[in-house]
Amino acid sequence: MHRAVLANEVMHWLAPRRGGVYLDGTVGGGGHAGVIAEAIGPEGRLLALDQDAEALVRARAVLGQWEKRCTLVQSSFADMAAAAAASGVEKVDGVLLDIGISSNQLDDPGRGFSFMRDGPLDMRMDRGKALTAADLLNTLPEGGLADLLRRYGEEPRARAIARRVVQERSQAPFVRTAQLADLVMRVYGGRRGRIHPATQTFQALRIAVNGELEALEKGLEAGLGLLAPGGRMVVISFHSLEDRIVKHFFAEHQGRWESLPEGGQKWVGLTPPVEVLTRRPVMASEEECQMNPRARSAKLRAAERKD
Ligand SMILES: C[S@@+](CC[C@H](N)C(=O)[O-])C[C@H]1O[C@@H](n2cnc3c(N)ncnc32)[C@H](O)[C@@H]1O
């Protein structure tokens with residue numbers, strides 16, 4: 001079962017108001033969406049997106065009691081402007097992005113996200129897309145694969161893993177998650193410590209298959225564009241690559257004073273301007289981490305559109 005992370009913190013920073021219009025770009029199991037739907041009351045509107053059709057089926061069931069105020073759409077949050085326009089939504093009072101994968105996706109061996117459960121090497125959140133993790137592993141040249149593992153997984157043994165993949169795929173193509181988890185384990189010469197050695201390799205492939213970093217950049221732009229002045233954007237990320245993108249995006253729109261060579265200073269910043277509400281990322285309490293270990297790596301940042 002998927003538990004919504006940082007649920008109280010999301011409500012605090014998003015501060016949904018009765019009658020407001022909100023966009024949840026990652027409805028997943030509908031945990032956050034249910035709390036928002038309750039808070040906005042019958043006059044409010046919640047546009048809830050997910051690129052995973054199976055997540056939408058679950059979310060629809062969870063949100064059933066607030067059905068009239070919710071619109072669920074299968075879409076990437078990168079395309080939220082088009083989804084909003086098609087749903088007759090022009091401006092919103094808040095945008096929530098709780099990115100990454102859900103426990104429902106991770107726990108289903110058939111989706112191929114987990115090195116703990118054997119399944120097909122798939123990893124697509126949107127199963128309508130063509131490219132799978134197996135396609136990448138079986139076709140990328142060694143250098144390209146090493147780059148991917150380094151860039152998206154920050155994997156220190158990227159070259160060795162890529163070399164071994166290329167050697168072994170000439171015997172038989174990669175089709176199962178267990179094949180890849182076993183290969184990485186052999187490169188590392190066994191398991192050391194709490195973290196499975198295939199963690200970063202799986203993260204890297206998942207990010208590449210789903211174009212996650214590009215989608216995040218587009219989603220942040222689109223979300224800020226949809227916000228009405230005074231509206232808020234709340235983003236929860238689960239690893240440093242994502243958090244860095246969110247932090248920089250907010251900082252660039254918050255702007256800063258820059259010294260001029262001729263003396264004096266000028267204000268530089270991207271528009272529309274925002275006020276960053278969370279100077280440091282908000283993290284889950286120890287109590288929440290005990291109940292939900294996934295919460296340990298969650299970082300929440302929030303910003304308010306100024307005009
Ligand atoms: C961490 S879960 C969200 C959980 C949700 N907040 C809840 O309370 O149940 C992330 C969800 O975002 C979806 N997702 C990830 N990237 C997406 C994207 N670019 N566009 C739309 N949905 C995306 C995944 O399919 C997954 O269902």
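The values are calculated or read from the model by the stated rules, or taken from the named source; none is laboratory data. Here the structure is a predicted model, which is why all the values come from computation and not from measurement. Backbone-built Cβ (ideal geometry, glycine too); neighbour counts: all protein chains shown. Quick note on the areas: whole protein, heavy atoms, side chains included, nothing else; ligands and nucleic acids left out. Shrake-Rupley method; radii C 1.70, N 1.55, O 1.52, S 1.80 Å.
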(Q) Which pairs turn up if I take residues in segment 195-211 that are within 16 Å of the ligand (Cβ to nearest atom) and look for partners that are assigned to a helix (DSSP H, G or I) and of a type in the set (Val, Ile, Thr) with beta carbon separation below 8 Å, at least 6 apart in sequence or on another chain? (A) PHE202/THR177
Q) Just checking, how many residues over segment 127-137 are open to solvent by less than 50 Å² (accessible area, probe 1.4 Å) and assigned to a helix (DSSP H, G or I)? A) 4
Q.
Which condition from (1) in contact with a Pro (Cβ under 9 Å, 6 or more places away or on another chain); (2) outside any helix (DSSP H, G or I); (3) surrounded by fewer than 19 Cβ atoms within 10 Å (Cβ to Cβ) is the one that ARG3 breaks?
A. (1)
Q | Residue list for segment 260-307, restricted to those being open to solvent by 80 Å² or more (accessible area, probe 1.4 Å) and part of a helix (DSSP H, G or I) | A | GLU286, GLU287, GLN290, MET291, PRO293, ARG296
Q) When you look at LEU23, is it open to solvent by less than 10 Å² (accessible area, probe 1.4 Å), assigned to a strand (DSSP E or B), near the ligand (Cβ under 9 Å from one of its atoms) and not assigned by TED's automatic domain parsing to the domain that holds MET125, yes or no? A) no
Q. Name the residues in segment 57-113 that are touching a Lys or Arg at 6+ places or on another chain (Cβ under 9 Å) and charged (D, E, K, R), would you?
A. GLU67, ARG69, ASP79, ASP93, ASP107, ASP108, ARG111
Q) Does LEU216 satisfy being within 16 Å of the ligand (Cβ to nearest atom), modelled with pLDDT of 95 or more, among the aliphatic types (A, V, I, L, M) and in the same structural domain as ASP24 (by TED's automatic domain parsing)? A) yes
Q: Output the number of residues of segment 7-20 satisfying the condition of being more than 9 Å from the ligand (Cβ to nearest atom), of a type in the set (A, V, I, L, M, F, W, C) and either over 12 Å from LEU97 (Cα atoms) or surrounded by fewer than 20 Cβ atoms within 10 Å (Cβ to Cβ) (or both).
A: 3
Q | Pair list, Cβ < 6 Å and 6+ apart or interchain, from segment 27-46 residues that are on the phi > 0 side of the Ramachandran plot to residues that are open to solvent by less than 10 Å² (accessible area, probe 1.4 Å) and within 14 Å of the ligand (Cβ to nearest atom) | A | GLY28/ALA55; GLY30/ALA59; GLY30/LEU63
